Amino acid sequence: MSRTPYDLPVIVAKAAVTHTVTYFVIGLLASTLFDYAGLFAQPGLGAYMRAIDDRWVMAGPLFQPVRGALFGLVIYLLRQPTLQARRGWLTLWFVLVAVGILNTFGPTPGSIEGLIYTQLPLATHLRGLPEVLLQSLLLSVTLYVWVNHPRPWLTWALGITCAVLLALPVLGLLLN
């Protein structure tokens, strides 16, 4: 039985890999550029976020394939407007931003609920938005391109990158 680019296992697997890679790369850049170690040590966020050197934070990338697979399940259900439509990446990005970032069900930093119900300053809410907006954009564009224009080199590049990025925290946890 031949698989199409829009079959459930294909979309879930590609979403898991794409999310894991974009999450790690953008997270590493943002952590460095925005000094998350210092930010998470400040009063307010220090009680809310784990320290950068915490073992759970180090293990964080290992959970991303699961999160990516969950994204993939939702994207599969919305595949016609997000993957099969022209400029579907933009629809996908809007869905991720509207539901996953700005309009979360809980009071997370950067969300409307967070602005209303937390005592975090506005600057704290805004500080993390570039990271999540860029990561969700990169996820949307990369997944859209990979599903609609599959190329062996892209599959290999993302697959190997994902494997290496998952091996790094395992090694770090074992050596720590």
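Okay, residues lined up against (1) touching a residue at least 60 places away in the same chain (Cβ under 8 Å); (2) within 15 Å of LEU165 (Cβ to Cβ):
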{"site": "PRO9", "(1), (2)": "no, no"}
{"site": "ALA13", "(1), (2)": "no, no"}
{"site": "PHE24", "(1), (2)": "yes, yes"}
{"site": "ALA30", "(1), (2)": "yes, no"}
{"site": "ALA37", "(1), (2)": "no, no"}
{"site": "VAL66", "(1), (2)": "no, yes"}
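Within region 2-27, the set of residues being surrounded by fewer than 20 Cβ atoms within 10 Å (Cβ to Cβ) and under 12 Å from the mean Cα position of the chain (by Cα) comprises VAL25, GLY27.
Is region 86-93 home to any residue that is at positive phi and either assigned to a helix (DSSP H, G or I) or modelled with pLDDT of 95 or more (or both)? So far as region 86-93 goes, yes, one or more of its residues are at positive phi and either assigned to a helix (DSSP H, G or I) or modelled with pLDDT of 95 or more (or both). Somewhere in region 71-80, is a residue among the polar types (S, T, N, Q) and loosely packed, with under 14 Cβ neighbours inside 10 Å? Yes, some residue in region 71-80 is among the polar types (S, T, N, Q) and loosely packed, with under 14 Cβ neighbours inside 10 Å.
Within region 17-39, which residues are assigned to a helix (DSSP H, G or I), touching a Lys or Arg at 6+ places or on another chain (Cβ under 9 Å) and farther than 13 Å from TYR144 by Cα? Answer for region 17-39, where residues must be assigned to a helix (DSSP H, G or I), touching a Lys or Arg at 6+ places or on another chain (Cβ under 9 Å) and farther than 13 Å from TYR144 by Cα: THR20, TYR23, LEU39.
Within region 71-83, residues that are more than 14 Å from ALA13 (Cα to Cα) have Cβ atoms under 9 Å from residues that are at pLDDT below 95 in these pairs: LEU83/PRO5, counting only partners at least 6 apart in sequence or on another chain. Taking residues in region 88-103 that are surrounded by fewer than 17 Cβ atoms within 10 Å (Cβ to Cβ), and partners anywhere that are of a type in the set (Gly, Ala, Ser) and assigned to a helix (DSSP H, G or I), the pairs with Cβ atoms closer than 9 Å and at least 6 places apart or on different chains are LEU90/SER140; PHE94/SER140; GLY100/SER136.
The values are calculated or read from the model by the stated rules, or taken from the named source; none is laboratory data. Since we're looking at a predicted model, the values are computed, not measured. For neighbour counting, all protein chains shown are included, and Cβ atoms are generated from backbone atoms with ideal geometry for every residue, glycine included.
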